[in-house]
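S.K.: One structure, pasted below without further comment.
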Amino acid sequence: MTNLIKISKLYLKENVNRFMKFDLTLYRGYANEKQIILFGHVFKSIAPDYLLNDKKGYRHAKGVFEMFTIKTLNNALVKVSFQNQEITTRTVNDGYFRICIPCENIKAGWHNFTAEAFYEDYKVTEKSEFLKPYPGKIGVISDIDDTFLISHTNNLFKKLYVLLTKNVKKRKIFEDVVAHYSLLSRAGREDKMETNTFFYVSSSEWNLYSFILNFTQLHKLPKAVFKLKKIKSGLTDFLFSGRGSHNHKFNKIKDILEFYPEMRFVLMGDDSQKDPFLYAKIVKYFPENVEAIYIRQTKSKQNSKTVKMLQEVEAFKIPTCYFEHSSKAIEHSKKIGLL
């Protein structure tokens with residue numbers, strides 16, 4: 001069904017674009033015992049979910065450029081439906097909407113919901129999912145770039161080269177990271193239908209959502225809720241994708257821990273930017289909600305500042321692992337009883 005939707009959108013884009021005034025993208029939401037959080041974007045043209053779909057060469061580079069110059073719709077009407085409830089809202093300046101739906105007696109697991117967006121005389125309908133975590137021991141909050149997706153964040157020119165020349169099938173993942181995440185997904189679970197909750201929280205922008213989603217599906221990483229950075233819509237924004245302040249990342253992790261105060265989370269990151277410092281700050285705010293911290297080493301030598309930050313975290317009796325290869329992280333998880 002997803003492929004048919006993409007083909008349909010592509011046809012509209014290339015053949016009857018004058019009739020296609022706007023589009024809607026929904027993201028995976030999440031829920032607790034009292035409320036459901038759902039969110040998405042409304043665009044002035046075809047949404048970015050088809051732009052990098054198996055394209056090669058200059059067509060891929062063109063798709064990346066289009067993805068970062070996409071235009072959004074402010075104040076677009078959106079109706080979200082789940083079971084017998086219908087919530088109406090409007091988008092903010094960057095085309096984003098986020099709603100909270102009160103709920104009770106929602107079963108654990110993934111649930112479908114539907115949303116409609118309206119603009120002039122046109123309507124677009126899309127479906128997505130939200131997750132209510134299964135009761136259990138742990139959840140996982142993971143960074144993306146250079147934590148599991150090799151992105152060369154420390155080298156701006158190399159990062160841009162890879163982004164512009166490598167489609168999703170050509171991008172590389174760190175060895176054994178899928179094995180580690182899969183083990184964490186099943187840790188403490190006896191019921192084969194249940195998994196631990198995963199969030200992928202990144203400084204990458206919402207522009208890259210479909211690309212990252214396809215990458216995680218291609219490599220069979222655990223199904224997760226994504227929380228990314230504010231969408232970009234200009235050439236300068238593209239050149240500095242994933243850079244700048246990382247305060248949004250702290251706030252998003254903080255929101256997750258406040259939303260699930262009964263859960264303990266494993267934090268996964270790397271030393272290419274600010275993950276060690278953000279996670280150390282999170283520990284100071286939520287010392288009872290962090291189960292362990294894993295930081296990937298992205299250079300030939302360990303970063304002395306990262307080592308110091310992790311030593312401060314260990315003073316809270318929270319296990320940490322600074323690793324170059326995921327095999328070491330797996331051994332550590334077994335040693336501390338996570339696996």
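S.K.: Tell me which residues, restricted to region 254-290, are within 25 Å of L149 (Cβ to Cβ), aromatic (F, W, Y) and open to solvent by 20 Å² or more (accessible area, probe 1.4 Å).
M.R.: Matches in region 254-290: F277 only.
S.K.: Any residue in region 297-317 that is in contact with a Gly (Cβ under 8 Å, 6 or more places away or on another chain), modelled with pLDDT of 95 or more and assigned to a loop (DSSP other than H, G, I, E, B)?
M.R.: Checked region 297-317: no residue is in contact with a Gly (Cβ under 8 Å, 6 or more places away or on another chain), modelled with pLDDT of 95 or more and assigned to a loop (DSSP other than H, G, I, E, B).
S.K.: Given the criteria modelled with pLDDT under 95 and either assigned to a strand (DSSP E or B) or acidic (D, E) (or both), does S272 qualify?
M.R.: No: the conditions fail for S272.
S.K.: A further question follows. What are the residues in region 186-215 that are touching a Gly at 6+ places or on another chain (Cβ under 6 Å) and in a helix (DSSP H, G or I), if any?
M.R.: Passing the criteria: none in range.
S.K.: Still on this structure, I have one more. Restricting to strands (runs of 3 or more DSSP E) lying wholly in region 69-125: which have 1 or more residues that are small (G, A, S) and touching a residue at least 40 places away in the same chain (Cβ under 8 Å)?
M.R.: In region 69-125, the matching strands (runs of 3 or more DSSP E) lie at 109-119.
S.K.: Let me ask something else. Which of the residues that make up region 154-184 are among the hydroxyl-bearing types (S, T, Y) and under 19 Å from L267 (Cα atoms)?
M.R.: Y181, S182
S.K.: Which of the residues that make up region 192-211 are under 15 Å from I138 (Cα atoms), open to solvent by 20 Å² or more (accessible area, probe 1.4 Å) and either at pLDDT below 95 or in contact with a Pro (Cβ under 6 Å, 6 or more places away or on another chain) (or both)?
M.R.: E194
S.K.: Related question: Restricting attention to region 140-185, and to residues there that are assigned to a helix (DSSP H, G or I), at pLDDT 95 or above and β-branched (V, I, T), which single residue is nearest to I282 (Cα to Cα)?
M.R.: V177
Per-residue answers, yes or no, for (1) of a type in the set (A, V, I, L, M); (2) open to solvent by less than 40 Å² (accessible area, probe 1.4 Å); (3) at pLDDT below 95:
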{"position": "S8", "(1), (2), (3)": "no, no, yes"}
{"position": "F19", "(1), (2), (3)": "no, no, yes"}
{"position": "F22", "(1), (2), (3)": "no, yes, yes"}
{"position": "L38", "(1), (2), (3)": "yes, yes, no"}
{"position": "Y58", "(1), (2), (3)": "no, no, yes"}
{"position": "I99", "(1), (2), (3)": "yes, yes, no"}
{"position": "G109", "(1), (2), (3)": "no, yes, no"}
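The values are calculated or read from the model by the stated rules, or taken from the named source; none is laboratory data. Quantities reported herein were computed from a predicted structural model and do not represent experimental measurements. Cβ atoms come from the backbone with ideal geometry, glycine included; neighbour counts cover every protein chain shown. Calculation scope for accessible area: heavy atoms of the full protein, side chains included, ligands and nucleic acids excluded. Shrake-Rupley method; radii C 1.70, N 1.55, O 1.52, S 1.80 Å.
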